[in-house]
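Peer 1: There's a structure below that I have some questions on.
The values are calculated or read from the model by the stated rules, or taken from the named source; none is laboratory data. Values in this document were obtained by computation on a predicted structure and should not be read as measured data. Using ideal geometry, Cβ is built from the backbone for each residue, glycine included, and neighbour counts are taken over all protein chains shown.
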Amino acid sequence: MSRSQPAGSPLQLHHLVPAAAVVLVTGCTGAASVLEPRGPRAADVAGLWWLMFWLAAAVYLVVVGILAHGLFRRRAAPAGEDELRPAAAGDEGAGRAGLTYLTVTGVIAPAIIVLVVLIATIQTMGAIAGPATPPRMSVDVIGFQYWWMVRYAHRDVTTANEIHIPVGEPVELNLTSVDVIHSLWVPQLMGKMDLIPGKTLTTWIQASEPGVYWGECAEYCGVQHARMKFLVVAEPSEQFAAWLAREQQPAAEPTDPSALAGFQAIMRPSCIGCHTIKGTPAQGQLGPDLTHIGSRRTIAAGTLPNNRGTLAGWIADPQHLKPGNLMPDLAIDLQTAHVIADYLETLK
Ligand code: CUA
């Protein structure tokens, strides 16, 4: 026991409350909290979470109250007499009261609580099973170790690690994987859904407010599972339509000398064998589509912000930044990496 808390002093509750508050606040808020839903699906799940939280809090308080009562109540008889005393007439009544008390706290109350949670869970499952109105658009999301291909098949648009959706309307998601099982999770918009190789699962997503929402892989899928993130960009429908129209265009022609040098450098087989740049000979399908990489917010599936420095660093040594990712070290010197980054930055 420490000097500041002498033996026998009561528990210093005012020390514990701030500590607990810090844990609660830092643990449950932030950019991607399920407790800050921004869509109808996530709001239903958050509602169920809060119901369970308050029920659990009430049960905890009752149990602590009973425990405190048992610990601190005054004993009617002097200590030591209880065990030896012969049975008295009042004992039978006390026994019956104890049995009723046990039945209520141990059987009836838990049964009611479990029933309430069951009904609320079934209701929530029904509510999130499908959107209120049928989706008008669908997006294919394909899992790769360790990034996401995002395809708008009806418009021949393919991008990576960013799912753009119009705000306020449901969008169908068709999920599959090319390698192992991944799981798509956008805490503020929707719960988890697996991406399974050889199988397509359909789900839906909806944002009620414009914004950029973090998503991540929620199924361990290999060494870089933790760096398999993505963004959901929810925009007003005109902005979304403009984005989609831009994405449909082929890659911009390089104009300045550095970008032109970068274009020539990236047209080597080791790059274009894996990546597509629409409108150029690059038609690979193993890595992310780079046609409009300059307009994306991050590189390496949410690992790094997208800028000239991170792009060049990635090209020069991808295994240093994300060890175990499937882009091999191509021994590209730093100067070449910089001109390639210059070219990629122009691909808006
Ligand atoms: Cu993909 Cu974890």
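Peer 1: What is the residue count in segment 160-177 for residues that are more than 16 Å from the ligand (Cβ to nearest atom), surrounded by 18 or more Cβ atoms within 10 Å (Cβ to Cβ) and at positive phi?
Peer 2: The qualifying residues number 0.
Peer 1: Restricting the first residue to segment 221-235 and requiring it to be closer than 13 Å to Ile205 by Cβ, which pairs with a second residue that is of a type in the set (Lys, Arg) and away from the ligand (no atom under 15 Å from the Cβ) meet a Cβ separation below 7 Å and a spacing of at least six or different chains?
Peer 2: Leu231/Arg297
Peer 1: Kindly indicate whether Thr280 is more than 16 Å from the ligand (Cβ to nearest atom), modelled with pLDDT of 95 or more and among the hydroxyl-bearing types (Ser, Thr, Tyr).
Peer 2: Yes.
Peer 1: Scanning for something in a strand (DSSP E or B), of a type in the set (A, V, I, L, M) and closer than 19 Å to Met327 by Cβ, does segment 267-274 turn up at least one residue?
Peer 2: No, segment 267-274 contains no residue that is in a strand (DSSP E or B), of a type in the set (A, V, I, L, M) and closer than 19 Å to Met327 by Cβ.
Peer 1: If you don't mind, another one. Evaluate the following for Ala31: is it over 21 Å from Thr124 (Cα atoms), surrounded by 10 or more Cβ atoms within 10 Å (Cβ to Cβ), modelled with pLDDT of 55 or more and touching a strand residue (DSSP E or B) at 6+ places or on another chain (Cβ under 8 Å)?
Peer 2: Here the answer is yes, as Ala31 does meet what is asked.
Peer 1: Exactly one of (1) without any contact (Cβ under 8 Å) to a residue 40 or more places away in the chain; (2) surrounded by fewer than 17 Cβ atoms within 10 Å (Cβ to Cβ); (3) small (Gly, Ala, Ser) is unmet by Ser295. Its number?
Peer 2: (1)
Peer 1: So which pairs qualify, if the first residue must be in segment 56-72 and within 25 Å of Val116 (Cα to Cα), the second must be modelled with pLDDT of 95 or more, the Cβ gap must be under 6 Å, and the two must be at least 6 apart or on different chains?
Peer 2: The qualifying pairs do not exist here.
Peer 1: Out of curiosity, is Val180 of a type in the set (Val, Ile, Thr) and either more than 20 Å from the chain's Cα centre (by Cα) or more than 16 Å from the ligand (Cβ to nearest atom) (or both)?
Peer 2: No, not satisfied.
Peer 1: Give segment 195-213 a look and list any residue that's surrounded by fewer than 18 Cβ atoms within 10 Å (Cβ to Cβ) and either within 16 Å of the ligand (Cβ to nearest atom) or part of a loop (DSSP other than H, G, I, E, B) (or both), or say none.
Peer 2: Within segment 195-213, Ile196, Pro197, Gly198, Lys199, Thr200, Leu201, Ser208, Glu209, Pro210 qualify.
Peer 1: Taking segment 221-233 as the search range and keeping residues that are among the aliphatic types (A, V, I, L, M) and in contact with an Asp or Glu (Cβ under 7 Å, 6 or more places away or on another chain), which one is farthest from the ligand (Cβ to nearest atom)?
Peer 2: Filtering segment 221-233 for residues that are among the aliphatic types (A, V, I, L, M) and in contact with an Asp or Glu (Cβ under 7 Å, 6 or more places away or on another chain), the one farthest from the ligand (Cβ to nearest atom) comes out as Val233.
Peer 1: Assuming Val157 fulfils every condition listed in (1) within 16 Å of the ligand (Cβ to nearest atom); (2) surrounded by 16 or more Cβ atoms within 10 Å (Cβ to Cβ); (3) aliphatic (A, V, I, L, M) apart from one, which condition is it?
Peer 2: Val157 satisfies all of (1) within 16 Å of the ligand (Cβ to nearest atom); (2) surrounded by 16 or more Cβ atoms within 10 Å (Cβ to Cβ); (3) aliphatic (A, V, I, L, M) except (1).
Peer 1: Suppose the filter is within 14 Å of the ligand (Cβ to nearest atom), touching a residue at least 12 places away in the same chain (Cβ under 8 Å) and surrounded by fewer than 18 Cβ atoms within 10 Å (Cβ to Cβ); does Val141 pass it?
Peer 2: When the stated conditions are applied, Val141 does not pass them.
Peer 1: How do the pairs read when you match residues in segment 147-171 that are modelled with pLDDT of 95 or more with residues anywhere that are basic (Lys, Arg), using Cβ under 6 Å and keeping only pairs 6 or more apart or on different chains?
Peer 2: Correct list of pairs: Thr158/Arg151; Glu162/Arg296.
Peer 1: Right, here's the next one. Take segment 288-307 and flag every residue that is of a type outside the set (Val, Ile, Thr) and farther than 21 Å from Arg246 by Cβ.
Peer 2: Ala300, Ala301, Gly302, Leu304
Peer 1: Pull out all pairs, ordered by first then second residue, where Cβ-Cβ is under 9 Å, the residues are six or more apart or on different chains, the first lies in segment 319-333 and is charged (D, E, K, R), and the second is surrounded by fewer than 14 Cβ atoms within 10 Å (Cβ to Cβ) and outside any loop (DSSP other than H, G, I, E, B).
Peer 2: Asp329/Gln319; Asp329/His320
Peer 1: Further question on the same structure: Go through (1) acidic (Asp, Glu); (2) more than 30 Å from Ile293 (Cβ to Cβ); (3) part of a loop (DSSP other than H, G, I, E, B) for Asp179 and report which single condition fails.
Peer 2: So the condition that Asp179 fails would be (2).
Peer 1: Considering only segment 234-265, state which residues are assigned to a loop (DSSP other than H, G, I, E, B), at pLDDT 95 or above and over 17 Å from Ser295 (Cβ atoms).
Peer 2: Across segment 234-265, the qualifying residue is only Pro236.
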